[in-house]
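The values are calculated or read from the model by the stated rules, or taken from the named source; none is laboratory data. Keep in mind the model is a prediction, meaning the values are calculated, not measured. Cβ atoms come from the backbone with ideal geometry, glycine included; neighbour counts cover every protein chain shown.
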Amino acid sequence: MANDATKDLFQLRRCDAKRATCVLKKISQLSRGEFSGNNFKVLHGPSHGIPIYQAEVLSNLRLVYQIDCSLDDDGQAERQAVKVYGIYSHKQLDHIWPWLSKLLSGRGKVYRQRCILRERAESDGGVYRPAIFPPRAEEFTTEQSPVFVREDGSNEDLSWLMSNKYVKLSKAYLNGLRAEREVELPFELTTKEWQIVHCLTSCYVIGRSGTGKTTAMVFKMLGIQRAWEQVPSTRKPRQLFVTRYPVLAAKVEEFFTSLVESLALAERTQDELQSLRSQIRSTVEHPPRMMDPLNAVNYRPGTPRKYSELSDHDFPLFITFDQLARMIAADIQADDPSSYDRNNSILAKVIDDESSFITYEVFKTNYWPRLCDICRSPLARNFGPWLVFSEFMGVIKGSETAFNSPNGILDRQTYVNLSTRAYPVFAEDRHSLYSTFESFSNLKCGLYGYDVADRTYAILKGLSLKGQQVDYLYVDEVQDNLIIDTILLRILCKNPNGLFWAGDTAQTISAGSTFRFADLKAFIHRAEAAGSMANQKSCAAPEVFELAINYRSHGGIVNCAQLIVKLITGFWPDSIDTLQPERAMLGGPKPVFFAGWQDETFPYEPFFSGLRGNRELGAEQCILVRDNTVREQIRERFGDVAVILTLQESKGLEFDDVFLYNFFEGSAATFSQWRIVLMAYGDQENTLSCNTSRSPHSVLCTEAVEKSLRGYHAGPQEAISLGLFTKQ
């Protein structure tokens, strides 16, 4: 059942239960292969593409469906299945179906043949059975998504038909319908997603935003949880989901909980369903508000203060790395509260004093201006605060080499001698950079501050893990952690085959993260081989999965981001993981770029007026800004318009229309540096011949990564439009 078919059926059930029952009877008839003249009428195809059918339910009620192919639960075969798109009146059977028929044919000749084939059942010549095929490689069209203008003048973008999610019409689904409760059920997986979910070893999953990484994580967690529920007398597996971002953690937990609760409907009695329906009807007029990301930091107030206090009841646990670090620090501090060495002092601040925590924003505001005055080096002009802070955190303090150093910090000579290929950004400026680092360290001590690397190093030095280790660890957006953070996370999991690392280094948005997945995999392997985790090395090598099909954004967005990724890998080939080119399921309009305007000339009021008053998260529009300063500037001038988020706050949220506001205004790169990109566009020789990896142009790498992120990380779910507004 497609999303729209489910909405149609649930709405019909609320308004007219008898008509809904008629629809279900017709679906049941189709599922048994009982095709006849009134339920197997071709709306379009097969000569033009994939056949789309209509089934007459009542005189003015039609079911629109397709014979598609779905992967079996064991992943070993594809089986024909009835895919229902929606329930329509006769007048609603408009011109979208010929287009869909043609578009589906873009999935390839093999797919088309499988959809058209009909096998008669041996027992009855009038009944057909589903044909079975081996799994196939996926193919997708890149044709432009059409926009139809309806008679009332409204536009409708139909790309949603290609990105729909489909769920089985199961007992849980039917019980949800009886209770009139919206259900969140496991949807159809691709072959690659199925392989990830059922992987028996640890795995690394790399893929751009919207390619299914988090979906595979959640479904793997769900499978393990459901297996335990079948034998509840056994020990409950402890599953831990960790990410840097509170909103993402909360949204993933919400999705997982909805899946578990919806599947549990299958076991409800008729009396329980009746009671549930009454409760839902009484609350339908007061739906809960969606969570505000600005207030999501402590979204789990009931979580224990210490890691050792976690019980089986708390799992699966969805948590941020910051929250997890505080819990572990609280355990270490409790072991020896009278100790006053530097590490214990840092742990005390981790638990109770976030005001002294040096984030990138704190560094940029409170430390960077002073460093520029003290050092008077060309670093500020050539690199900017982001790259300098990233080098401090990710290389001098947070790298594998630093982890193996006596004090968790590289000395000057070791830093200067690092491989220029592995760490190219400051290859010609390392002495100057290290002097700046020493000045930063002195300032930090004077202000009693601590940073992310200090926190993790202090925890690792004092760690004697109290409480049970987890059985399965899932780290989402792992690229936004320091490499030393990953060893702490690895220690928490006792199962060498229970690790799931997912992310994409082209989407790094946390200052300090400088590693690639190859570095992460090698680091974890060396740590296990060295005996850092006793009796925890797996005999089976972890699997590596690469996801390249974007199910969320159309080709207009994906191709734009892919072009920027191509420029990054051309200029800085070792800066991010090189993946196979990302593809969208469907083409779409290119982003709209508004450039060269000034505050007094741009028509703000007409643009923002359409967004006023729409403050609910999950609404259709979102404005993304560089930082909180820009957000306050917008609100000061135009009031409380729409949803305005920084990139970090937008992690885990999805919108239809995304507007990137003035991102180039605060760029650390100069116009002359940006000209390098302009020169390279369309000229591959310029890209390959211009050596920027060891020059001040390295700042462009960070800037280019940020621009590619904003394009498709914001992740509009369906009919996407992307607008970029800049004065530059």
Qualifying residue in the stretch 440-460 (condition: outside any loop (DSSP other than H, G, I, E, B), touching a helix residue (DSSP H, G or I) at 6+ places or on another chain (Cβ under 9 Å), surrounded by 23 or more Cβ atoms within 10 Å (Cβ to Cβ) and polar (S, T, N, Q)): yes
Exclusive hit being of a type in the set (Ser, Thr, Tyr) and touching a residue at least 40 places away in the same chain (Cβ under 8 Å), set Ser399, Ser405, Ser419, Ser441: Ser399
All positions within the stretch 168-202 that are assigned to a loop (DSSP other than H, G, I, E, B) and closer than 18 Å to Lys83 by Cβ: Lys168, Leu169, Ser170, Val183, Leu185, Pro186, Glu188, Leu189, Thr190
Some residue of the stretch 575-584 being touching a His at 6+ places or on another chain (Cβ under 7 Å) and modelled with pLDDT of 75 or more: yes
Residues located in the stretch 466-518, provided they are assigned to a loop (DSSP other than H, G, I, E, B) and among the aliphatic types (A, V, I, L, M): Leu482, Ile509, Ala511
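Rundown of residues vs (1) in contact with a helix residue (DSSP H, G or I) (Cβ under 9 Å, 6 or more places away or on another chain); (2) over 15 Å from Ala502 (Cβ atoms); (3) hydrophobic (A, V, I, L, M, F, W, C), yes/no style:
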{"position": "Leu169", "(1), (2), (3)": "yes, yes, yes"}
{"position": "Ala172", "(1), (2), (3)": "yes, yes, yes"}
{"position": "Glu180", "(1), (2), (3)": "yes, yes, no"}
{"position": "Pro186", "(1), (2), (3)": "yes, yes, no"}
{"position": "Cys203", "(1), (2), (3)": "yes, no, yes"}
Some residue of the stretch 135-143 being within 29 Å of Lys590 (Cα to Cα) and modelled with pLDDT of 90 or more: no
Candidates Ala541, Ala518, Ala529, filtered to the one that is small (Gly, Ala, Ser), free of Cβ contacts under 8 Å to residues at least 12 places away in the same chain, out of contact with any strand residue (DSSP E or B) (no Cβ under 9 Å at 6 or more places or on another chain) and surrounded by fewer than 18 Cβ atoms within 10 Å (Cβ to Cβ): Ala529
Only listed residue being within 16 Å of the chain's Cα centre (by Cα) and part of a helix (DSSP H, G or I), chosen from Ala522, Ala561: Ala561
Residue list for the stretch 1-54, filter: free of Cβ contacts under 8 Å to residues at least 40 places away in the same chain, in a helix (DSSP H, G or I) and touching a Phe, Trp or Tyr at 6+ places or on another chain (Cβ under 9 Å): Gln29
The stretch 372-417, subset touching a Ser or Thr at 6+ places or on another chain (Cβ under 7 Å) and among the aliphatic types (A, V, I, L, M), residue farthest from Asp519 (Cα to Cα): Ile374
Residue count, the stretch 632-654 (criterion: over 21 Å from Val247 (Cα atoms), touching a residue at least 24 places away in the same chain (Cβ under 8 Å) and in a helix (DSSP H, G or I)): 3
Residue check, Val205 surrounded by 18 or more Cβ atoms within 10 Å (Cβ to Cβ) and assigned to a helix (DSSP H, G or I): no
Residue match in the stretch 485-504 (condition: over 27 Å from Tyr307 (Cβ atoms), surrounded by fewer than 17 Cβ atoms within 10 Å (Cβ to Cβ) and not aromatic (Phe, Trp, Tyr)): no
Condition check for Arg268: assigned by TED's automatic domain parsing to the domain that holds Gly512, of a type outside the set (Phe, Trp, Tyr) and at pLDDT below 90: no
Unmet criterion (only one of (1) within 30 Å of Ile224 (Cβ to Cβ); (2) modelled with pLDDT of 90 or more) for Leu117: (1)
Subset of the stretch 101-118 (residues that are part of a helix (DSSP H, G or I) and surrounded by fewer than 16 Cβ atoms within 10 Å (Cβ to Cβ)): Lys109, Val110, Gln113, Ile116
